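Quick notes on the structure that follows.
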Amino acid sequence: MTGSRALRLSRLLIDWRWGLLLLAGVLVAASYLPARQLGFDRSIENMFAADDPLLVPYRQLQRTFGGDAVVMAAYVDPQLMTEAGMQRVQRLTEDLAAVEGVRSVVSLTTTPLGPEIIHNQQRGPAFLELLEDYNISADRRTTAVTCMLDVGAPSEAREKTLRRMKEIVQQHDRQAVLVGGPVMVAEGFRLVEDDGNRLGWIATLLLMLTIIACFRSLRWVLVPIVVVNATLLLTKAALWASGLQLSMVSSMLWSIITVIGIATVVHVVVRFREARSEKCSPRQALLVSGTVLLTPILWTCLTDAAGFASLIAAEVGPVSDFGVMMAVGSLLTLVSLALILPGLVLWGTQDVDPHWAWGESALSDTLGRCMDAVLRWPKLIGLAGLTVVGLAALGCTRLQVESDFTRNFRSSSDIVRSYNFVESHLGGAGVWDLIVPAPPPAYLGQRYLRILRHLQGRLREEVTLTGPDGRKISGLSKVVSIVDGLDTVPTPAYVARNVLVRVKHKRLVEEMPDVAESLYAEDPRQPGKFFARIMLRARERQSSRQKQQLIDQVTQISREVFPGTEKLARAEVTGFFVLLTNLIDSMLRDQWVTFGVATAAIGLMMLIAFRSPLLAAVALVPNVFPILVVTGIMGWLEVKINMGAAMIAAVSMGLSIDSEIHYITMFRRLRQEGQTVREALYAVQQSVGRAVFFSTLALVVGFGALCLSEFIPTVYFGALVGLSLLGGLAGNLVVLPLLLSLVVRETKARMPGDERSTGSERRGRGPGS
């Protein structure tokens, strides 16, 4: 956009400011109710690409065996193996079975023996062995009531079910715990949603305090806050209208819109203040600011939209949706600025001027000395920068993934306490499954059971991990199949051997239908195709490497027994344990793809904006710099990547580019006005550099509020965004001017005595100017 067009558009926005402000009010009011109705997608399945091979057996598990939405209510009872203990188990079982959304319940009292399981010496031991580490501990002092939840229940109904179950469990025993994949996932989504509300207000308050400390003006505190919140309402309403939903990934929506809105308004504040110090009226000052900043602001929002739109290339649905959301949010930030900013800035005559911050003269000197160093020692600084980048690149090779989902919560939280309880009392909270092909009931015989029994034996003996002392330890705490269920059925007399298994299976279905159907069933999508389910238990609180090692061992052993043929399916490993182990890997695969697409998209926008491949490349370097440094530091410090860190590379591409656009745009304008490279760099450092410093300061303080979250990925995201912003500050104040001084040639002849700038020229205008 040319200067004359920017001038005309700025004048038009100022002249129509009251109508535009009224329009903004109408749009915000109309967006309020739709924004509040925006849904939240809580499905862990949707965190994977639709065609991810991991989902094929998981979906088969859901439709064939009713899924793995299993929740355990566990507690310690020293009197468990008494009649009073059994009565307590019976009451809890009945209460949980009555909860809406609970499909079936298994406990010590749901066997055919009921509470008499502790007295029946004929069949009791077999049932206790079957239920050991699921419903009763080896020491017979801890019990659990296992609840299978309805598959496909809406997230709101699932949350209501879990809340009611937790109330019942707490009423039964204050020390009792409620654990399971659905509980952990629901708690994670609840914390993310709560953070979006509670921490949003805390961060807004911190932002307001920081901005008022920098500019000492209530008006200029309200302007960015109103712009950000209006944009957020408009964006949420647009998403609701399009049918999209928020997810664990898109919980960052508020954060990114805040970055774009605050950074943009701070540039306006600094330029408006400069114009006012030159005796311009408020209207003239805003007109000057608009004329100078309209082009970079336009390109900033368009570039952000293009960068975030690159996330659409992600295979993971929520990541792709997040790209759409942020592209819409970036464009609506531009709309909110146009509608709101002129009216609020020129409303009334009180508190119009942003003031100089305390100690700003020291900041001015620091910016000048920073530029002195860049121009005096370019090779040394360049070498130091390359060294940092090299070390960071090595650190990136050391990155590790956090697959223990419980580490997404603070160690003092109820969910971690509950999982520790199950890990120590019931042999592990990691529930997963092995699905193997099986013959129809008419052909279910001893030969097939021998194969299953052999496979179970191999899994118990061969699936191992290396313990802290270097010795091999069992990796699975429990392996249960239809074989174990049939072992609890007494062998009837005078039954032919060839029909014995079918008779026992029929009786198992009659006595324990829920157990029987959860271990052997027909796939409804493949009539005539039957499958057996081998239920596995392992410790949840293990490293990603250990978990993947267990999954690989189970997969290899099971496929040696059931390799699969044209007519017979192969063995498949699945379940919450498997999905959560691979969740971050799924997001990381997308991160590097989207990071590359985002880099290309932003580079293309820079090429269009600057019409120079060289300047486009120069703009990208400081943008990549903080991403490499932050991820490299994580690698060297052995900080594992969780959901909060998995998208930081792609997101950071949209965080730093804004300042580069403002910096290069002003630099080019000053060069066109006749200033030398040196003069232009000093001037830009004092104007744009000052705005970058203030916006970074406000945003780092604001994002510090995220570190108060109970959800660790949110803490990571807040900390990493803060570090990325600080890295972007260094990139904009050091790396960018260094590159510009190297690639832009001096074209204006100067006298030898003019080669060195004066002190005042270097330092720029300060508070006392």
Subject >> Residue selected from region 439-485 under the condition out of contact with any strand residue (DSSP E or B) (no Cβ under 9 Å at 6 or more places or on another chain), of a type outside the set (Gly, Ala, Ser) and in a loop (DSSP other than H, G, I, E, B), by the criterion surrounded by the most Cβ atoms within 10 Å (Cβ to Cβ) >> reply: Arg471
**OP:** Check Glu755, Glu746, Glu673, Glu761 and return the single one that is under 29 Å from His355 (Cα atoms), at pLDDT below 85 and surrounded by fewer than 21 Cβ atoms within 10 Å (Cβ to Cβ).
**Re:** Glu761
Original post:
Which condition does Leu131 not pass, out of (1) modelled with pLDDT under 85; (2) open to solvent by less than 20 Å² (accessible area, probe 1.4 Å); (3) among the aliphatic types (A, V, I, L, M), if it passes all the others?
Top reply: (1)
**OP:** Give the residue that is farthest from Trp220 (Cα to Cα), with candidates limited to residues of region 334-350 that are open to solvent by less than 50 Å² (accessible area, probe 1.4 Å) and assigned to a loop (DSSP other than H, G, I, E, B).
**Re:** Gly348
Original post:
List, please: which pairs have Cβ atoms under 7 Å, are six or more places apart or on different chains, and start with a residue in region 563-578 that is small (Gly, Ala, Ser) and end with one that is open to solvent by 90 Å² or more (accessible area, probe 1.4 Å) and in a loop (DSSP other than H, G, I, E, B)?
Top reply: Gly564/Arg570
Subject >> Single condition Leu331 does not satisfy, out of (1) surrounded by 22 or more Cβ atoms within 10 Å (Cβ to Cβ); (2) out of contact with any Pro (no Cβ under 8 Å at 6 or more places or on another chain) >> reply: (1)
Original post:
Does Arg570 satisfy being within 34 Å of the chain's Cα centre (by Cα), surrounded by fewer than 21 Cβ atoms within 10 Å (Cβ to Cβ), within 22 Å of Arg63 (Cα to Cα) and basic (Lys, Arg)?
Top reply: yes
**OP:** Would you mind stating whether Ala98 is open to solvent by 30 Å² or more (accessible area, probe 1.4 Å), within 45 Å of the chain's Cα centre (by Cα) and closer than 21 Å to His172 by Cα?
**Re:** yes
Original post:
Quick one: is Ala49 touching a residue at least 24 places away in the same chain (Cβ under 8 Å), crowded, with 18+ Cβ neighbours inside 10 Å and under 20 Å from the mean Cα position of the chain (by Cα)?
Top reply: yes
Original post:
Which of (1) surrounded by 19 or more Cβ atoms within 10 Å (Cβ to Cβ); (2) farther than 21 Å from Ala49 by Cα is the odd one out, the single condition Asp353 does not satisfy?
Top reply: (1)
**OP:** Enumerate the pairs (first residue in region 199-216 and more than 10 Å from Phe694 (Cα to Cα); second residue anywhere and open to solvent by 60 Å² or more (accessible area, probe 1.4 Å) and in a helix (DSSP H, G or I)) with beta-carbon separation below 7 Å, excluding pairs fewer than 6 apart on the same chain, so at least 6 apart or on different chains.
**Re:** Leu199/Leu708; Ile202/Leu708
Original post:
Just to be sure, is Ala144 closer than 21 Å to Phe65 by Cβ, of a type in the set (Gly, Ala, Ser) and in contact (Cβ under 8 Å) with a residue 60 or more places away in the chain?
Top reply: yes
Subject >> Among residues of region 351-396, those that are modelled with pLDDT of 90 or more and in a loop (DSSP other than H, G, I, E, B), counted >> reply: 1
Subject >> First in region 537-554 and touching a residue at least 24 places away in the same chain (Cβ under 8 Å), second anywhere and assigned to a loop (DSSP other than H, G, I, E, B) and of a type in the set (A, V, I, L, M), Cβ under 7 Å, 6 or more apart >> reply: Arg537/Leu476; Ala538/Leu476; Glu540/Ala429; Leu550/Val463; Gln553/Val463; Val554/Val463
Subject >> Top-ranked residue in region 141-167 [being touching a strand residue (DSSP E or B) at 6+ places or on another chain (Cβ under 8 Å) and aliphatic (A, V, I, L, M); ranked as most open to solvent (accessible area, probe 1.4 Å)] >> reply: Val151
Subject >> Residues of region 168-178 satisfying the condition of being open to solvent by less than 10 Å² (accessible area, probe 1.4 Å) and either without any contact (Cβ under 8 Å) to a residue 24 or more places away in the chain or touching a Phe, Trp or Tyr at 6+ places or on another chain (Cβ under 6 Å) (or both) >> reply: Ala176, Val177
Original post:
Under the condition of being in contact with an Asp or Glu (Cβ under 6 Å, 6 or more places away or on another chain) and among the charged types (D, E, K, R), which residue from region 517-536 is modelled with the lowest pLDDT?
Top reply: Lys529
Original post:
For region 217-227, which residues satisfy the criterion of being touching a residue at least 40 places away in the same chain (Cβ under 8 Å) and in contact with a Ser or Thr (Cβ under 7 Å, 6 or more places away or on another chain)?
Top reply: Val227
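The values are calculated or read from the model by the stated rules, or taken from the named source; none is laboratory data. Note that the coordinates shown come from a computational prediction; the quantities given were computed from them, not determined experimentally. Glycine gets a Cβ as well: all are built from the backbone with ideal geometry, and neighbour counts include every protein chain shown. Surface areas here come from the heavy atoms of the whole protein model, side chains and all, with no ligands, DNA or RNA. Shrake-Rupley method; radii C 1.70, N 1.55, O 1.52, S 1.80 Å.
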